[in-house]
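The structure appears below as structure tokens.
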Amino acid sequence: MRRRACAGSCTCNARKATQRARRLEALHAQLTSALFRESNPAPLKYALSLLGLMSAKMRLPLVEPTEMTRREIATALANVEDRCPDYMIASAHWLTERVRAAAIAKRRNAANPAGARAS
């Protein structure tokens, strides 16, 4: 009887580990896709800037990632933080809020161009 209970417990733990691995694989695939959307290091530099590890500024001949790429990277990093916070190399509990705040600021800027802002 004990053998069965132990075997059942091991099987259950193996299933949980497999489910976690699949979840991490999906998150990793989403992030990798976003980081390699453009053929220069700008997307990776932008991702590291979201984590507060470096500046996103680029010098020529490199150019900043497109808005679509930046959104994809921010979404992918936020998904990793939300679903598997212990998977992040750096503790980035503030990442989700920072990404949301950046998205809100971009929407405001798009709605109110620099010349049309109220004083």
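State all residues of segment 1-52 that are of a type in the set (D, E, K, R) and at pLDDT below 90; if no residue qualifies, say none. Within segment 1-52, R2, R3, R4, R15, K16, R20, R22, R23, E25 meet the criteria. Which ones in segment 24-75 are closer than 22 Å to A101 by Cβ, loosely packed, with under 12 Cβ neighbours inside 10 Å and charged (D, E, K, R)? Across segment 24-75, the qualifying residues are K57, E67.
The values are calculated or read from the model by the stated rules, or taken from the named source; none is laboratory data. Because the structure is predicted, anything quoted here is derived from the model rather than measured. Here Cβ is always computed from backbone atoms with ideal geometry, including for glycine, and neighbour counts include all displayed protein chains.
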